[in-house]
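Written below as structure tokens is the structure these notes are about.
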Amino acid sequence: MRAINASIGFDRALWRQDIRGSLAHAAMLTHVGIITREDEAAIRRGLDAIAARIEAGEFPWDEGLEDIHMNIEARLTEAVGEAGKRLHTARSRNDQVALDLRLWVRDAIDGLSEQVRDAMRALAARAEEHAGTVMPGFTHLQPAQPVTLGHHLLAYVEMLGRDLGRLRDCRARLDENPLGAAALAGTGFPIDRHMTARALGFEGGPMRNSLDAVASRDFAAEFLFCCAMCATHLSRFAEEVVVWTNPYFGFVRLSDAFTTGSSIMPQKRNPDAAELVRGKTGRVTGALVGLLTVLKGLPLAYFKDMQEDKEGVFDAAASLALSLAAVAGMARDMRPDAARLEAAAGAGFATATDLADWLVRELRVPFRDAHHVTGRLVARAEAKGVDLAGLALNEMRAEEPRITEAVFGVLTVAASVASRTSFGGTAPENVRRMAAEWREKLA
């Protein structure tokens, strides 16, 4: 029972938030006349000393005291006597742990948000640098149309921008104070929950329902979804790095700082940083599913099941923080091979769409007919073992007699990307403008 009941092995991570909440609670109890100023001074002195001991790694954690709250309260009472026993007036461990976890998640969001911004800055900087570097764009991992590397990297900046917005939204929704809900029904003491909300920086004020305050962990589940979605975006980038660094692609190279060797094959340069970013996504998604599964069968209000809400939150935040650092590092470290990228961009008849568009634009051929003409020309080129630009003009005219020499001007990958000037398109001028906008926003 002692082993299954104790949470001090992991909820000690909440010690800063627990002490911060206790200081705010003590100040409020003094303000409304429930405890004396002398008691508050002793409590503050004792909690400051406990914080210093924890920070120094000298605090004696006791599994017999179950959790972070009782460990701190017991040491406080030892240090300051009766004043320490009065601190828990008008609160419960139920609202106390709900407060601590909200504060912890809010702090985690602030830290992760800055890391997301850093990863976005790294990707935007490389996008600006490679606004005109041509590469193959893929669908189904098959060559589709040429794009620029800068455009490709900015796609991840956009994804991470939405992740940043989700974290901000999550922070705004959790920014309410559960302290004062007590065990589940509120308290008969004349407490001032608005005062503690202000002291703890809760812009949403106190939570409006005491049952909801102690029973709800949707803020933690929402945080885990934000983490899981962000980790999924990072995993997609990491997968591309794994593919791009394969010698058969050879699109980019990572230094030894972000790769590892083999225990028996001296030539190997494995993209382990990218692979681990990809792998950690499973842990983060698992934490989300785990918490939702814990919560799905709980009636109101508090149950010990909720003790299982913390380890997944802590682990997901740590995993995402590490993944963000790795992605920002790889983005700054990778060295693209522009020549290899450009050569690959022209493979697989990547300018076929440009040919179809030219037929529509210059000859007024209906697009569906242009699509069929281009398909037949691709088949001709494929049979001859050349790209579309390798077909002779008379071969093209065999499929569409009105084709002129001007068609060859759209069959290069450089012309292809330069033509995609629609808003959000891959044209280098678009990429430079968008990268500059992002860098300004993120400065």
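The values are calculated or read from the model by the stated rules, or taken from the named source; none is laboratory data. Just so it is clear, the structure is predicted and the values come from calculations on it, not from any experiment. For neighbour counting, all protein chains shown are included, and Cβ atoms are generated from backbone atoms with ideal geometry for every residue, glycine included. Accessible surface is based on the protein model in full, side chains and every heavy atom, while ligands, DNA and RNA are left aside. Shrake-Rupley method; radii C 1.70, N 1.55, O 1.52, S 1.80 Å.
Scanning for something under 19 Å from residue 192 (Cα atoms), out of contact with any strand residue (DSSP E or B) (no Cβ under 7 Å at 6 or more places or on another chain), open to solvent by less than 20 Å² (accessible area, probe 1.4 Å) and of a type outside the set (A, V, I, L, M), does the stretch 24-37 turn up at least one residue? Outline the logic, then answer.
Taking the stretch 24-37 and keeping what is under 19 Å from residue 192 (Cα atoms), we get 24-37.
With the extra rule that they be out of contact with any strand residue (DSSP E or B) (no Cβ under 7 Å at 6 or more places or on another chain), the set shrinks to 24-37.
Now restrict to residues that are open to solvent by less than 20 Å² (accessible area, probe 1.4 Å): 24-26, 28-30, 35.
Narrowing further to those that are of a type outside the set (A, V, I, L, M): 25, 30.
The answer is yes, given that some residue of the stretch 24-37 is under 19 Å from residue 192 (Cα atoms), out of contact with any strand residue (DSSP E or B) (no Cβ under 7 Å at 6 or more places or on another chain), open to solvent by less than 20 Å² (accessible area, probe 1.4 Å) and of a type outside the set (A, V, I, L, M).
Which residue out of 283, 236 is touching an Asp or Glu at 6+ places or on another chain (Cβ under 8 Å) and of a type in the set (Lys, Arg)? Give the steps one after another, and end with the answer.
Working: 236 fails: touching an Asp or Glu at 6+ places or on another chain (Cβ under 8 Å).
Within the list 283, 236, the selection yields 283.
Is it true that residue 339 is of a type in the set (A, V, I, L, M), modelled with pLDDT of 95 or more and more than 24 Å from the chain's Cα centre (by Cα)? Break it down stepwise before answering.
Numbers: of a type in the set (A, V, I, L, M): yes; modelled with pLDDT of 95 or more: yes; more than 24 Å from the chain's Cα centre (by Cα): yes.
When the stated conditions are applied, residue 339 passes them.
Take the residues in the stretch 188-217 that are of a type in the set (Gly, Ala, Ser) and assigned to a loop (DSSP other than H, G, I, E, B); name whichever of them is most open to solvent (accessible area, probe 1.4 Å). Explain how you work it out, then say what you get.
So in the stretch 188-217, the residues of a type in the set (Gly, Ala, Ser) come out as 188, 197, 199, 201, 204-205, 210, 213, 215-216.
This time we only want the ones that are assigned to a loop (DSSP other than H, G, I, E, B), so: 188, 201, 204-205, 216.
Details: 188: 85, 201: 36, 204: 44, 205: 14, 216: 21 Å².
Looking at residues that are of a type in the set (Gly, Ala, Ser) and assigned to a loop (DSSP other than H, G, I, E, B), I get 188.
So if I check each of 296, 384, 304, which one is free of Cβ contacts under 8 Å to residues at least 40 places away in the same chain and within 37 Å of the chain's Cα centre (by Cα)?
Values: 384 fails: within 37 Å of the chain's Cα centre (by Cα); 304 fails: free of Cβ contacts under 8 Å to residues at least 40 places away in the same chain.
Among 296, 384, 304, only 296 is free of Cβ contacts under 8 Å to residues at least 40 places away in the same chain and within 37 Å of the chain's Cα centre (by Cα).
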Item to check | the stretch 262-280 residues that are touching a residue at least 12 places away in the same chain (Cβ under 8 Å), paired with ones that are acidic (Asp, Glu) (beta carbon under 6 Å, 6 or more apart) | outcome: 278/239
Checklist outcome for this item: Reported set for the stretch 160-187 where residues are open to solvent by 40 Å² or more (accessible area, probe 1.4 Å) and within 30 Å of residue 323 (Cβ to Cβ) is 162, 166, 168, 169, 171, 172, 173, 176
Next on the checklist: Regarding the stretch 90-113, can at least one residue be identified that is over 30 Å from residue 205 (Cβ atoms) and open to solvent by 10 Å² or more (accessible area, probe 1.4 Å)?
Outcome noted: no
Checklist outcome for this item: Across (1) among the aliphatic types (A, V, I, L, M); (2) open to solvent by 10 Å² or more (accessible area, probe 1.4 Å); (3) closer than 12 Å to residue 76 by Cα, residue 47 clears everything bar (2)
Checklist outcome for this item: Note on residue 424: of the conditions (1) part of a helix (DSSP H, G or I); (2) without any contact (Cβ under 8 Å) to a residue 40 or more places away in the chain; (3) under 30 Å from residue 128 (Cα atoms), unmet is (1)
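Working carefully through the options 67, 18, 100, 11, find the one that is in contact with a Ser or Thr (Cβ under 7 Å, 6 or more places away or on another chain), within 26 Å of residue 318 (Cα to Cα) and not hydrophobic (A, V, I, L, M, F, W, C). Give the steps one after another, and end with the answer.
Values: 18 fails: in contact with a Ser or Thr (Cβ under 7 Å, 6 or more places away or on another chain); 100 fails: in contact with a Ser or Thr (Cβ under 7 Å, 6 or more places away or on another chain); 11 fails: in contact with a Ser or Thr (Cβ under 7 Å, 6 or more places away or on another chain).
Result of the check over 67, 18, 100, 11: 67.
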Checklist outcome for this item: Restricted to the stretch 127-155 and to residues being open to solvent by 20 Å² or more (accessible area, probe 1.4 Å) and in a helix (DSSP H, G or I), the residue nearest to residue 251 (Cα to Cα) is 152
